[in-house]
Amino acid sequence: MLSRTAENLFWMGRYMERAEMTARLLDVGSRITLLPSSAGQGYRDEWDSLLQASGTAKGFAEKYGETVQRNIESYLFFDRDNPSSVASCLESARENGRIVRTALTSQVWDALNTAFQELRQLERAERSSLELSRLTEWTTRHAAMLRGAIDATKLRDDGYHFIGLGAHIERADNTARLLDVKYYVLLPRMDFVGSGLDTHQWMTLLRALSAQRAFHWAYGGEITAAKVAHFLILNRRMPRSLYTSLGGAHDNLAALSAEYGRETLAQTRVSSLMQDFSRLTVEEIFDEGLHEFLTRFIREMGTLASLVQNAYLSGEAR
């Protein structure tokens, strides 16, 4: 496969996953604002924290200045000046898919194109008529439809694995960012740890990840920071956990290694990360500091993406 085709497929997977993450961040913000006594007491207010987590705070400040909720909602969902907005990501995913249209099945292309056409209709609608919950649910539904089309119809070739690799690297990064929003930014003070507010915020995060029921099935009983951290970082059955996402990237890279008959630094790095995770405990994570661990993990995902770029996307993959 030519490197430019691989790159388009890789980024199609990343952009769709990023669109969903941005929508889930917005869902976290809207839910957190409904909680009592949370606004204005944290490291930053809850809406500003979403900008920090998504890496868009600087761009928003340059365009809007003050963190007003309506402006943040527009910036994170519709604003094409924000490359990480839902609209920008959907457009970029669709454009990457259009360029390599012949590498996609008709069902995958239809899922991509339908999402884009419906987005254009939403952009023409009166903003006051669009509830944020409707927009976030719409995004997650279309992301799920695209994943379903890929899994049900795409040949398990190198193109399939480049899409999956991009999606899993992005998902790992996104879950870490969502988890960091809660622990580092939204909790007002350390003396709130273990309080009712703390529990409500963990529940909000689980709901935003569509994982509340799965969490209760897996752990039951009381919601605690240690349980949620284990669930979202180390639980191998949780589809959006860091371990599972990293495992998905590992499996796709292993398939590419077999496809091309060679191993690269990307395979070496992801194998090392998997070994580290297999021995990791939640106690070790908290000893390091959850925010510090997540920051380091996000940096590792950036390094892994760069190794993939150098190995497969900068020249002809062979």
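The values are calculated or read from the model by the stated rules, or taken from the named source; none is laboratory data. Note that the structure is predicted; figures quoted are calculated from it, not measured. Don't worry about glycine lacking a Cβ; one is built from the backbone with ideal geometry, like all the others, and counts go over all protein chains shown. Please note that ligands, DNA and RNA were not included when accessible areas were found on the heavy atoms of the full protein model with its side chains. Shrake-Rupley method; radii C 1.70, N 1.55, O 1.52, S 1.80 Å.
Normalising the Debye intensity of the stretch 78-174 to I(0), with uniform scatterers on Cα atoms only, and taking log10 at q = 0.13, 0.18 Å⁻¹ returns -0.48, -0.90. Solvent-accessible area assigned to carbon and sulfur over the chain amounts to 48 percent, based on a 1.4 Å probe. A simple packing score, the average count of other Cβ atoms within 10 Å per residue, orders the peptides 243-251, 211-219 as 243-251, 211-219, with the highest score first.
Spin-label model, Gln212 to Ser257: label points 7 Å out along the Cα-to-beta-carbon direction sit 4.1 nm apart. In plain terms, the bigger the Kirkwood radius, the slower the diffusion; for the stretch 56-111, with that radius from Cα pairs, at 4 °C and 1.567 mPa s, Stokes-Einstein puts D at 102 µm²/s. Within the stretch 265-318, the proportion of C-alpha pairs whose separation exceeds 19 Å stands at 39%.
With a 10 Å cut-off between alpha carbons and a GNM built on the chain, which of Arg14, Arg24, Arg101 moves the most? Maximum fluctuation in the GNM of the chain, among the listed residues, is at Arg101. Volume per residue of the convex hull around the Cα atoms, evaluated for the chain, comes out as 130 Å³. A full extension of the chain between Phe286 and Arg80 corresponds to an added length of 70.4 nm, given 0.36 nm per residue minus the alpha carbon distance. Solvent-accessible surface of the stretch 204-249, taken per residue with a 1.4 Å probe and all protein chains present: 40 Å².
Computed over the alpha-carbon atoms, the stretch 211-318 gives an Rg to Rh ratio of 1.05, Rh here being the Kirkwood radius from the mean inverse distance. Diagonalising the gyration tensor over the Cα atoms of the stretch 119-169 and scaling each eigenvalue by 5 before taking the square root yields semi-axes of 31, 10, 9 Å, largest first.
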